[in-house]
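The next block holds one structure in the form of structure tokens; read it before the comments.
What follows draws every value from the coordinates through simple rules; no lab data is involved. Nothing here was measured: the structure is a model prediction, and the numbers come from that model. Reconstructed Cβ throughout: ideal geometry from the backbone, glycine too, with neighbour counts over all protein chains shown.
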């Protein structure tokens with residue numbers, strides 16, 4: 001067995017209503033003032049109310065920063081940092097989807113250490129320390145509450161990441177009640193995103209791919225595959241919602257330690273340039289990247305095919321099992337009524353070459369792919385997806 005390192009969030013709380021009991025957590029009990037990072041939609045729909053009331057009832061001075069947008073910009077991150085500085089906070093709470101959680105992670109870093117963000121981009125470059133950090137996801141997809149990764153959009157659409165155990169939160173609160181009002185399209189896209197995390201983590205060629213991550217990836221696929229359609233089409237099913245949250249978290253733990261690869265690398269230009277939601281960006285290229293990888297990874301994909309789709313268990317031949325998995329994933333997107341082609345999200349064919357060039361920037365992801373991806377390969381994958 002090869003050496004590996006495994007890191008995750010120190011404290012994880014799961015259960016209906018748990019977000020309203022946030023003041024019971026140790027990092028919150030020890031704080032006097034907190035920066036609450038979220039997005040305007042969650043404020044508008046009152047989803048934050050119970051959590052904010054619990055914090056204020058516990059005596060905390062709460063500064064709400066609710067300007068986080070999809071694919072958050074560097075300017076948004078700096079505005080969150082400035083709001084925290086002005087309020088002299090000693091705790092950061094992220095509440096929302098992956099964008100809010102990513103901003104909260106880096107706001108905690110910048111507020112705790114005054115670190116230069118330009119020096120923190122990349123793997124293992126963030127030094128810290130950071131402020132105490134609690135994350136409360138409202139979607140079941142990103143797994144950001146248990147990952148050491150934060151993605152920010154810089155300039156005209158380039159996505160840059162900070163990957164460091166320093167930004168793993170002290171606590172994560174998983175409350176499936178927060179996902180009950182999530183619209184079907186977002187439920188579908190975030191759910192497929194979580195499945196991508198599990199698949200890429202399991203097949204990652206990272207030297208840190210390890211037995212714990214592989215076990216979590218398989219458990220995640222079992223939960224996600226069995227519950228995603230129920231969660232999408234019967235959104236009030238709390239059991240399905242809870243299973244999706246657990247599956248998303250497990251997939252997050254898996255890819256936090258065994259990093260994702262070409263699906264994400266090719267998804268980033270879609271989201272960064274055309275502002276397609278991250279989960280949908282992944283779904284659009286997923287089957288095409290897996291078909292490209294299949295000659296080098298069909299045995300690996302065959303091992304997890306029945307985890308996601310139990311009816312594939314009877315296929316003995318690895319190549320046939322891999323092909324069936326890829327087709328099942330493509331069919332799942334269709335059943336979930338998701339767009340399945342790049343042209344369906346208004347990406348012109350003329351943009352594909354630039355997207356392929358942009359994807360090559362994501363070397364920290366491409367290095368984990370089971371098969372080497374050239375710029376021409378990326379263009380061919382985009383063309384197949386178009």
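Sticking with the crude label model, points 7 Å out along Cα→Cβ, report the distance from residue 236 to residue 353 in nm, one decimal please.
It works out to 5.4 nm between the two label points.
Ranked from highest to lowest mean number of other Cβ atoms within 10 Å per residue, what is the order of the peptides 143-151, 84-92?
Ranking, from highest mean packing down: 143-151, 84-92.
For the range 11-178, what percent of Cα pairs sit more than 19 Å apart? Intermediate values should be presented prior to the final figure.
Numbers: 6829 of 14028 pairs.
When every Cα pair of the range 11-178 is considered, 49 percent fall beyond 19 Å.
Relative to the longest principal axis of the chain, what angle (0 to 90°, nearest 10) does the C-alpha long axis of helix 262-274 take?
60 degrees
Be a star and scan the range 5-31 for residues whose amide nitrogen sits under 16 Å from the point 7 Å along the Cα-to-Cβ vector of residue 212.
Correct set: 5-12.
Mean separation of Cα pairs under 8 Å and 6+ residues apart, divided by the residue count of the chain: what relative contact order is that in percent? Could you put the intermediate results ahead of the total?
Values: 834 pairs, mean separation 60.0, N = 386.
Normalised by residue count, the contact order of the chain is 16 percent.
Can you work out the FRET efficiency for the pair residue 384 and residue 114, with r the C-beta to C-beta distance and R0 = 35 Å, to the nearest 0.05?
So, using R0 = 35 Å, E works out to roughly 0.15.
Could you tell me which of rounded, prolate or oblate describes the range 273-317, using a ≥ b ≥ c as the square roots of the eigenvalues of the alpha-carbon gyration tensor, with rounded for a/c under 1.5 and, failing that, prolate when a/b is larger than b/c and oblate otherwise?
Numbers: a/c = 4.10, a/b = 1.93, b/c = 2.13.
Verdict is oblate for the range 273-317.
Within the range 365-386, list the residues whose amide N lies under 17 Å from a label point set 7 Å along Cα→Cβ of residue 2.
365-372
If a/c stays under 1.5 just call it rounded; otherwise compare a/b with b/c (prolate if a/b is bigger, oblate if not). Do that for the chain, with a ≥ b ≥ c from the square roots of the Cα gyration tensor eigenvalues.
Here the chain falls in the prolate category.
Only residues of the range 213-237 count here: report those whose backbone N is under 16 Å from the spot 7 Å along Cα→Cβ of residue 184, or say none.
So the set is 228-237.
What is the packing order of peptides 301-308, 13-20, taking the mean over residues of other C-beta atoms within 10 Å and listing the highest first?
Highest to lowest by the protection proxy: 301-308, 13-20.
For helix 375-385, what angle does its Cα long axis make with the longest principal axis of the chain, in degrees from 0 to 90 and rounded to 10?
Between helix and principal axis, roughly 90 degrees.
Using 7 Å Cα-to-Cβ label points, what is the residue 74/residue 334 separation (nm, one decimal)?
4.3 nm
Between residue 311 and residue 21, what is the spin-label point distance in nm, taking each point 7 Å from the Cα along the Cα→C-beta axis?
3.9 nm
Can you work out D for the range 159-294 in µm² s⁻¹ from Stokes-Einstein, where Rh is the Kirkwood radius over C-alpha pairs, the temperature is 4 °C and the viscosity is 1.567 mPa s?
85 µm²/s
What does the C-alpha gyration tensor say about the overall shape of the range 314-373? Classify as rounded when a/c is under 1.5, otherwise prolate if a/b is larger than b/c, or oblate. Walk me through the numbers on the way to the answer.
Working: a/c = 3.04, a/b = 1.28, b/c = 2.37.
Because a/c hits 1.5 or more and a/b fails to exceed b/c, the range 314-373 counts as oblate.
Can you tell me the 0 to 90 degree angle between the C-alpha axis of helix 74-87 and the longest principal axis of the chain, rounded to 10?
20 degrees
Mind ranking 275-281, 72-78, 243-249 by how tightly packed they are, going by the mean number of other C-beta atoms within 10 angstrom, highest first?
243-249, 275-281, 72-78
Please give the length that would be gained between residue 341 and residue 291 if that part of the chain were fully extended, namely 0.36 nm times their separation in residues minus their C-alpha to C-alpha distance (nm, one decimal).
16.5 nm
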